[in-house]
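Trainee: Got a structure for you, questions after.
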Amino acid sequence: MFSKTVIVAAIASLIAAAPTPAGAPAAKRSSDTYGNMATYYDAETGNAGACGNYLSNNDRFLAVSMNSDIPCGKWMGFNVNGKTSYGYVADKCASCADNHYDMSMTLFNEFADYSQGVVNDIWAWELDF
């Protein structure tokens, strides 16, 4: 009986110590919202984004509304039809409403083809580290 308990405890500790999947920040979710929309934009303009960094279309980032209180650098999660991905706030969007996220081309393409242009009814949440 003792050896079974030790083995079960050892397996449980290995599972608990397993790393999170690649691309998934180890964090808690907060402020889930539904009914959001996403578009994409070409961020490689030669100018720094509103958060001060030069951006690459190959990265997973997003721009939030100018009125948003979500700070630069904040990681967010998104779910569309069962597909989940993550991006960080790296820019501001003057034409975006509060529930509109303008995503990098790479992040948007994880949910839809560019020809679609807009993705509606997505779940969005901020991540707390």
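Trainee: Test of understanding: what is the full-extension gain from ASN81 to VAL118, defined as 0.36 nm times their sequence separation minus their Cα-Cα distance?
Mentor: On the way: separation 37, 0.36 × 37 = 13.32 nm, distance 1.40 nm.
Gain on extension, ASN81 to VAL118, equals 11.9 nm.
Trainee: Starting with the highest mean, order 66-73, 91-98 by the number of other Cβ atoms within 10 Å, averaged over the residues of each peptide.
Mentor: 91-98, 66-73
Trainee: Return the sequence-ordered ³J(HN,Hα) values of the stretch 117-129 in whole Hz as given by the Karplus equation 6.51 cos²θ - 1.76 cosθ + 1.60 applied to θ = phi - 60°, using x for Gly and Pro.
Mentor: Values, residue by residue: x, 9, 10, 10, 6, 9, 7, 9, 8, 8, 9, 10, 8 Hz.
Trainee: Once amide H atoms are placed 1.01 Å from N in the peptide plane, what residues at a sequence separation of 5 or more from ASN36, or on another chain, have their amide H within under 5 Å of its amide H?
Mentor: Here the answer is ASP121, ILE122, since their amide H atoms fall under 5 Å of that of ASN36.
Trainee: I want the antiparallel fraction of DSSP beta bridges within the stretch 57-129, as a percent rounded to 5.
Mentor: On the way: 12 of 17 bridges.
Percent antiparallel among DSSP bridges in the stretch 57-129 is about 70.
Trainee: Determine the relative contact order of the stretch 24-128: mean sequence separation of Cα pairs under 8 Å and six or more apart, normalised by residue count, in whole percent.
Mentor: Working: 237 pairs, mean separation 46.1, N = 105.
Rounded, it is 44 percent for the stretch 24-128.
Trainee: If you don't mind, another one. Over the C-alpha atoms of the stretch 24-128, what are the Rg and the largest Cα-to-Cα span, Dmax, in Å?
Mentor: 12.4, 35
Trainee: On full extension of the chain, what length is gained from SER95 through GLU44, given 0.36 nm per residue of separation minus the C-alpha to C-alpha distance? Could the numbers behind the result be given before it?
Mentor: Numbers: separation 51, 0.36 × 51 = 18.36 nm, distance 1.83 nm.
Between SER95 and GLU44, full extension yields an extra 16.5 nm.
Trainee: Right, here's the next one. What is the packing order of peptides 35-41, 114-120, 50-56, taking the mean over residues of other C-beta atoms within 10 Å and listing the highest first? Present the calculation step by step, with values, prior to reporting the outcome.
Mentor: Numbers: 35-41: 18.3, 114-120: 11.1, 50-56: 14.4.
With the highest mean Cβ count within 10 Å placed first, the list reads 35-41, 50-56, 114-120.
A short reminder: the numbers here are calculations on the coordinates, not readings from a lab. This is a predicted model, so every value here is computed, not measured. Because the Cβ atoms are built from the backbone with ideal geometry, glycine has one as well, and the counts that use them run over all protein chains shown.
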